[in-house]
Amino acid sequence: MWSNNSAAPFLLTGFLGSEAIHHWISIPFFIIYLSILFGNGVLLVLIQSDHNLHEPMYYFLAILASTDLGMTLTTMPTVLSVLLLDRREIAQHSCFTQSYFIHSLAIVESGILLAMAYDRFIAIRYPLSYNSILINSRVMKIGLGVLMRGFVSIVPPILPLYWFPYCRSHVLSHAFCLHQDVMKLACADITFNRIYPVILVALTFFLDAMIILFSYILILKTVLGIASIEERAKALNTCVSHISCVLVFYITVIGLTFIHRFGKHAPHVVHVTMSYVYFLFPPFMNPIIYSVKTKQIQRSIIRLFSGHSRV
């Protein structure tokens, strides 16, 4: 349809073969999106308003919640537009911009999980020096570094998308724009766009995961050196929330990677569903994990809502 018009809009795709029930499928998506916005929004309000949460651990959590909100607000408009309104067209520049934010925020999330691992390492390895090591200015520098890495490193593969000609089909395979999806539609040499993301994934997701694993080996070594069993349990308990978020994030990353690499013959619905799990499950679970596992946040939630009830 668009094969002769390089500047024509792209067409997003929902669940192929299930278009007749897209409006029903949109209901759980809408509920999940609202839950993500509410959960992460509440976390940000708590951390901003409760002085008991003005600590490095919660500052990093605030960046994580902001990243999850950013990812949600980036994908939500097109996903609901396709499923609820059957509006599939997206302008090319809007598509490339969405792709930029999707991939950069994913790298930011990986980086902030690494920063949170560093926070837990310092808290358990050097508890007496914790506040002198993780001073506010250092936390800000770490946070800024994580953001810069995410938003700068993804520029090289996204920029060429703006000047590539698109003479093939303009139909994308998801309800949002992914770099690997868009580049395949280009009628140009995409060698750089194929190689660069592989190197980038190795230097971000894979390297972050290895450093997080190494930090927890050192944490475990430190904890096992504590004489009291109660103190061991208390130290490890402060890491449970972070470990849970790390597992949720990297298991979905690994699952999506395996589907893309080795599931070429899997049904389209499997690819699409795994993509939605990757984009929705971590932002949905992170606020729940921290609300259930962190007593300070539980107390803040009680104070916030009991305060509202008295107004």
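The values are calculated or read from the model by the stated rules, or taken from the named source; none is laboratory data. Computed from a predicted model, the values in this text were never measured in an experiment. Virtual Cβ from ideal backbone geometry, glycine too; neighbours counted across all protein chains shown. Protein only, heavy atoms only, side chains kept; ligands, DNA and RNA dropped before computing areas. Shrake-Rupley method; radii C 1.70, N 1.55, O 1.52, S 1.80 Å.
This table checks each residue for (1) open to solvent by less than 50 Å² (accessible area, probe 1.4 Å); (2) assigned to a strand (DSSP E or B); (3) under 24 Å from Arg87 (Cα atoms).
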position	(1), (2), (3)
Gly17	no, no, yes
Phe29	yes, no, yes
Phe38	no, no, no
Leu43	yes, no, no
Could you please tell me which pairs satisfy a Cβ distance under 6 Å, a separation of 6+ or placement on different chains, a first residue in the stretch 136-160 that is farther than 16 Å from Tyr100 by Cα and touching a residue at least 40 places away in the same chain (Cβ under 8 Å), and a second residue that is hydroxyl-bearing (Ser, Thr, Tyr) and part of a helix (DSSP H, G or I)?
Val139/Tyr59
Take Val246 and decide whether it is part of a helix (DSSP H, G or I), at pLDDT below 95 and open to solvent by less than 70 Å² (accessible area, probe 1.4 Å).
no
Please verify whether Ser129 is polar (S, T, N, Q) and at pLDDT 95 or above, treating the condition exactly as stated.
no
Given the residues Thr97, Thr74, which is the only one that is in contact with a Cys (Cβ under 9 Å, 6 or more places away or on another chain), assigned to a helix (DSSP H, G or I) and open to solvent by 20 Å² or more (accessible area, probe 1.4 Å)?
Thr97
Looking at (1) farther than 13 Å from Phe279 by Cβ; (2) touching a helix residue (DSSP H, G or I) at 6+ places or on another chain (Cβ under 9 Å); (3) of a type outside the set (A, V, I, L, M, F, W, C), can you tell me which one Thr72 breaks?
(1)
Only residues in the stretch 226-243 that are under 14 Å from Met116 (Cα atoms) and free of Cβ contacts under 8 Å to residues at least 60 places away in the same chain count as the first member; pair them with residues that are of a type in the set (Val, Ile, Thr) and part of a loop (DSSP other than H, G, I, E, B), Cβ under 7 angstrom, at least 6 apart or cross-chain, and list the lot.
Ser241/Thr294
Restricting to the stretch 85-94, name every residue that is surrounded by fewer than 18 Cβ atoms within 10 Å (Cβ to Cβ), assigned to a helix (DSSP H, G or I) and not small (Gly, Ala, Ser).
Leu85, His93
Of residues in the stretch 249-274 being under 15 Å from Val198 (Cβ atoms) and open to solvent by less than 30 Å² (accessible area, probe 1.4 Å), the one modelled with the lowest pLDDT:
Leu256
Kindly provide the set of residues from the stretch 3-30 that are farther than 20 Å from His174 by Cα and modelled with pLDDT of 95 or more, ordered by number.
none
Can you name every residue in the stretch 291-311 that is open to solvent by less than 20 Å² (accessible area, probe 1.4 Å) and either of a type in the set (A, V, I, L, M, F, W, C) or modelled with pLDDT of 95 or more (or both)?
Ile297
Checked the stretch 45-71 for anything among the β-branched types (Val, Ile, Thr) and open to solvent by less than 20 Å² (accessible area, probe 1.4 Å); matches are Ile47, Thr67
